[in-house]
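Take a look at the structure below.
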Ligand SMILES: C[S@@+](CC[C@H](N)C(=O)[O-])C[C@H]1O[C@@H](n2cnc3c(N)ncnc32)[C@H](O)[C@@H]1O
Ligand SMILES: [Zn+2]
């Protein structure tokens, strides 16, 4: 197996309930919804949702013919399945973003929301994503911004040792990283993306404002301020819409999406469908298929 950075483990986590549903984050969710409306195309063929978690954002991709939800945690994917139901529209894949199990040029769009946050080697993760995108594909990336006003003031007041103005990521809690907007721009540009839009999100992530002002109003106001992201980014969260600059035709995805998979062990395509597993024709690795989830994290021991 290749050497890849550690994964932040969400297996068994109640993230969706504790962070979103009981965590008082209606404002942040609504503000993200407004940002999505600005960056998502009305329709598309095949969307890859990276770090999909419990599928909080997936209903926002309703205009896409099919959506591949990818996450390292099977318990998060199981929650997403429960929320979205099983149908041909959604494909659930347990895999590591650093070892994506797809052939190059598979998707016409991808999103990664609140997941780059856990990448110890963000450029490596972004280059994996770039490989699986088609020419002119759309990539919507949300990242946690180290250059946010709270961090700047804390730094100036001597309450924080790390410098929000420098380009390197900051790991403020183990496997939780904030990034400098310029570093993100540099990485995306070097990988051949054109940045089409930048929106600043969650301008009003302050307990007192969230208590005093209804979430809907605060989100509407946020929606107006989001456009200032074009000029400067000082919010804790930033959305970027990037387009793959490569010339060329987009191809129509196959009816059977198994044809897009590749073996993360050896890179071979043409995995054979053996019902409870996929078999790699080259290295003979077996990848489990269980409860509607394709599991590419660890090879299964052959039976
Ligand atoms: C903070 S949650 C965000 C979930 C969802 N995007 C949302 O906004 O509600 C981060 C997700 O990224 C997943 N994740 C973290 N590292 C990963 C990796 N290396 N490969 C695949 N998924 C990963 C976690 O399992 C978790 O579900
Ligand atoms: Zn293989």
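No lab work stands behind these numbers, since they all come straight from the coordinates. Being a predicted model, the structure only gives us computed values, none of them experimental. Reconstructed Cβ throughout: ideal geometry from the backbone, glycine too, with neighbour counts over all protein chains shown.
Run lengths n ≥ 4 of DSSP H only: what is the helix-derived mean residue ellipticity at 222 nm for the chain, with -39500 (n - 2.57) per run over all residues, to the nearest 500?
Values: 7 runs with 71 residues, N = 303.
Computed mean residue ellipticity for the chain: -7000 deg cm²/dmol.
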Length added when fully stretched, residue 149-residue 22, from 0.36 nm per residue minus Cα-Cα: 43.1 nm
How many nm separate the modelled label positions at residue 60 and residue 182, each set 7 Å beyond the Cα in the direction of the Cβ? 2.8
Relative to the compact globular guide of 2.2 N^0.38 Å, what is the alpha carbon radius of gyration of the stretch 15-256, as a ratio? 1.00
Fraction of antiparallel bridges per DSSP, the stretch 15-256 only, in percent to nearest 5: 45
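Output the peptides 94-103, 274-283 sorted from most to least packed, where packing is the average of other Cβ atoms within 10 Å over each peptide's residues.
94-103, 274-283
Pull out a ≥ b ≥ c, the square roots of the eigenvalues of the alpha-carbon gyration tensor of the stretch 18-104, then state rounded if a/c is under 1.5, prolate if not and a/b is larger than b/c, and oblate in the remaining case.
It is oblate, given that a/c is not under 1.5 and a/b is not larger than b/c.
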Rounded if a/c is under 1.5, else prolate if a/b beats b/c, else oblate: with a ≥ b ≥ c from the C-alpha gyration tensor eigenvalues square-rooted, which is the stretch 143-184? oblate
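Does the stretch 168-244 classify as rounded, prolate or oblate by the C-alpha gyration tensor (a ≥ b ≥ c root eigenvalues; a/c under 1.5 gives rounded; else a/b over b/c gives prolate, otherwise oblate)?
oblate
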Ranking of 8, 263 by count of other Cβ atoms within 10 Å, fewest first: 8, 263
With the label point 7 Å along the Cα-to-beta-carbon line of residue 99 and a cut-off under 11 Å to each amide N, the hits in the stretch 265-303 are 265-267, 296-300
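Taking 0.36 nm per residue of sequence separation and subtracting the Cα-Cα distance, how much length would be gained by fully extending the chain between residue 42 and residue 194, in nm to one decimal?
52.7 nm
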